[in-house]
Amino acid sequence: MTEAEAGADARVEVGLPAGDRLAAVLLDLSVPHEDVNELLSTRSALLADPVLRELFERAVRVLVADLGTPTRRRPVPPLPAAAGGAGRWFHVYVYVAALPHVLAHHRALGIPPEVSRRTLADLGRHLALHRRRHGSGGLSARHWPGYHFRGELYQLGRLQFQRSTMRDRAAASATAFGLDHGPDDPALELHIPDFLGPMSPAACDESLDLARAFFPRHYPEERYAVAVCGSWLLDPQLREYLPPESNIIRFQRRFHLYSDPTGPRPEDTAPIGFVFGDPGLPVPSLPRDTSLQRAIGDHLRAGRHWHVRTGWFEL
């Protein structure tokens, strides 16, 4: 039994809406319409299978245990190999069942309903990402919505903000700039979701202003003075291809980058997936229709790599 499973409360009620009610919840979570019918039709198979049902109920209780306490990742129980359609949608059902618990948690913190709705609707965005990449329904990043459904991550305008800490290298970098931030001090991890249009400076400024107001109001005991981001979008090599006033380069200029002692980490599939929709696309065939497409593809075709870089800035 894992530590998370040991902390799960067997008294937590686990329910899964049916019929029209399930359809309404799925639409509230922005689940793509082409996935709704299959989720409705496979619900009964999940609950009728005693092994799957036990795993499902346990997964929900693990997910909502210590709701609101930041964690690195909540484990998801392994599924039987022959779980079929019910297994393919298993994790979506877990998040649907956790919904009443996280909404109650949000209400207790006074979080506005529109913030809850936009945050939790990221589940549907990830289903859309799966379909764009694979041509079928499913959820690839199965653990990722767990941060949303545990009260750890919030969508505030164009950007997402995850409650976290500075950690060692970010704290050391801040110290080098003469700032007093330790590795255990609160920090907001900043994430850039796809399918939300350009990340213009105005949109990013608006998100940051929302975050500066949101967290002191709803988490007054946690003082978030720093934002941290790790992404290929912070790779300075992009400056070789994009103009100084492009949205990405202006976004990069917000950050103080710091390096991993082992050197930059190659990450070629993430930019391919983000820009072209499928991380598995062959490099020689990548389109060149936009400046960013040309940058990503031409760089790789030249035998070079993209890297994940991490940086911070004071809020």
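The values are calculated or read from the model by the stated rules, or taken from the named source; none is laboratory data. Computed from a predicted model, the values in this text were never measured in an experiment. Note: ideal-geometry Cβ built from the backbone for every residue, glycine included; neighbour counts use all protein chains shown.
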Exercise. Which residue out of Tyr241, Tyr258 is farther than 15 Å from Asp194 by Cβ, modelled with pLDDT under 95, in the same structural domain as Thr310 (by TED's automatic domain parsing) and in contact with a helix residue (DSSP H, G or I) (Cβ under 7 Å, 6 or more places away or on another chain)?
Worked result: Tyr258
Problem set entry | Among the residues listed as Leu159, Leu139, Leu153, the single one being among the hydrophobic types (A, V, I, L, M, F, W, C) and more than 19 Å from Tyr219 (Cβ to Cβ) | Leu139
Problem set entry | Output for segment 90-122, where each listed residue is part of a helix (DSSP H, G or I), buried (at least 16 other Cβ atoms within 10 Å of the Cβ) and touching a His at 6+ places or on another chain (Cβ under 7 Å) | Ser116, Thr119, Leu120, Asp122
Problem set entry | Odd one out for Val226, checked against (1) in contact with a strand residue (DSSP E or B) (Cβ under 9 Å, 6 or more places away or on another chain); (2) at pLDDT below 95 | (2)
Problem set entry | Residues of segment 120-141 satisfying the condition of being within 16 Å of Ser30 (Cα to Cα) and touching a residue at least 60 places away in the same chain (Cβ under 8 Å) | Leu120, Ala121, Asp122, Leu123, Gly124, Arg125, Leu127, Ala128, Leu129, Arg131, Arg132, Gly137
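This table checks each residue for (1) under 30 Å from Phe195 (Cα atoms); (2) touching a His at 6+ places or on another chain (Cβ under 8 Å); (3) surrounded by 17 or more Cβ atoms within 10 Å (Cβ to Cβ).
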position: Ser30; (1), (2), (3): yes, no, yes
position: Leu40; (1), (2), (3): yes, no, no
position: Leu46; (1), (2), (3): no, no, yes
position: Val51; (1), (2), (3): no, no, no
position: Phe56; (1), (2), (3): yes, no, yes
position: Arg61; (1), (2), (3): no, no, yes
position: Leu67; (1), (2), (3): yes, yes, yes
position: Pro70; (1), (2), (3): yes, no, yes
Exercise. Restricted to segment 210-247, and to residues that are of a type in the set (Gly, Ala, Ser) and in a helix (DSSP H, G or I), which residue is surrounded by the fewest Cβ atoms within 10 Å (Cβ to Cβ)?
Worked result: Ala213
Exercise. Any residue in segment 202-212 that is of a type outside the set (Ser, Thr, Tyr), under 17 Å from Pro70 (Cβ atoms) and not assigned by TED's automatic domain parsing to the domain that holds Arg118?
Worked result: yes
Exercise. From the list Gly151, Gly178, Gly138, Gly182, which one is under 20 Å from the mean Cα position of the chain (by Cα), in a loop (DSSP other than H, G, I, E, B) and more than 30 Å from Asp278 (Cβ to Cβ)?
Worked result: Gly151
Exercise. On the given criteria, is Ala170 under 29 Å from Val31 (Cβ atoms) and either in a loop (DSSP other than H, G, I, E, B) or assigned by TED's automatic domain parsing to the domain that holds Asp260 (or both)?
Worked result: no
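Residue-by-condition table, conditions (1) assigned to a loop (DSSP other than H, G, I, E, B); (2) touching a Phe, Trp or Tyr at 6+ places or on another chain (Cβ under 6 Å); (3) modelled with pLDDT under 95:
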site: Ala10; (1), (2), (3): yes, no, yes
site: Gly15; (1), (2), (3): yes, no, yes
site: Leu22; (1), (2), (3): no, no, no
site: Val25; (1), (2), (3): no, no, no
site: Val31; (1), (2), (3): yes, no, no
site: Leu39; (1), (2), (3): no, yes, no
